[in-house]
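**Student:** What follows is a structure written as structure tokens; I'll ask about it next.
The values are calculated or read from the model by the stated rules, or taken from the named source; none is laboratory data. Since the model is a prediction, treat every value here as computed from it, not as a measurement. All Cβ positions, glycine included, derive from the backbone under ideal geometry; neighbour counts span all protein chains shown. When the accessible area is computed, the model is the full protein with side chains, heavy atoms only, and any ligands, DNA or RNA have been set aside. Shrake-Rupley method; radii C 1.70, N 1.55, O 1.52, S 1.80 Å.
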Amino acid sequence: MNNCLHCGAKIANAKYCSRSCANRVNGHLFPSRKPIARSCKHCGAALQTRRTTCDNCNPSVVDWTTVSLQQLKTKALQQYAAQIRSLARLAYRKSSRPKACAVCGYDVHYEVCHIKPINEFLPTDFVAGVNKLTNLVALCPNHHWEFDHGRLAVALITSMAEKEFVSGA
């Protein structure tokens, strides 16, 4: 009796107990596809994925610190606020702040809320200024609704966001 070279099972065959064990071992030793070395078509930097351009050369990458609300509004028309909220969720997710409601601590689902509403910013303000972490707070759906409808005080949310920012940073 022999042992399978992949899983170690007792077998009567010479090397492997099944075709799947043979394929797993031989697929790693002798791959049919060779990795393709890819590089950016503009600057020649090495790429790890199937993309054709690096982040520095990608024309669709936007620097949100230089885009004003007015510029975004002219490009996105009705969807500009949705774009700002999407960027706020992304900024909050990348931060080290707690991913739970600042009021009750519910962490199964949280929504990112702007403390100062988007429509209170000037058209000349930048998108990055609207989505600063000091203007964002995580709330559960119930507390978000209460905050949006004036049932939760802005001072309470602001103080909780500051505590959250200090403890999460």
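**Student:** Hey, any hits in the range 36-59 for a residue that's surrounded by 15 or more Cβ atoms within 10 Å (Cβ to Cβ) and part of a helix (DSSP H, G or I)?
**Tutor:** The answer is no; no qualifying residue exists.
**Student:** Also, quick follow-up: What is the residue count in the range 60-85 for residues that are within 17 Å of Lys116 (Cα to Cα) and surrounded by 13 or more Cβ atoms within 10 Å (Cβ to Cβ)?
**Tutor:** Of the residues in the range 60-85, 7 are within 17 Å of Lys116 (Cα to Cα) and surrounded by 13 or more Cβ atoms within 10 Å (Cβ to Cβ).
**Student:** What is the one condition in (1) open to solvent by less than 80 Å² (accessible area, probe 1.4 Å); (2) assigned to a loop (DSSP other than H, G, I, E, B); (3) under 17 Å from Leu139 (Cβ atoms); (4) touching a residue at least 24 places away in the same chain (Cβ under 8 Å) that Ala88 does not satisfy?
**Tutor:** In the conditions (1) open to solvent by less than 80 Å² (accessible area, probe 1.4 Å); (2) assigned to a loop (DSSP other than H, G, I, E, B); (3) under 17 Å from Leu139 (Cβ atoms); (4) touching a residue at least 24 places away in the same chain (Cβ under 8 Å), Ala88 misses (2) alone.
**Student:** Would you mind stating whether Glu111 is out of contact with any helix residue (DSSP H, G or I) (no Cβ under 7 Å at 6 or more places or on another chain), at pLDDT 90 or above and either over 30 Å from Arg38 (Cβ atoms) or open to solvent by less than 50 Å² (accessible area, probe 1.4 Å) (or both)?
**Tutor:** no
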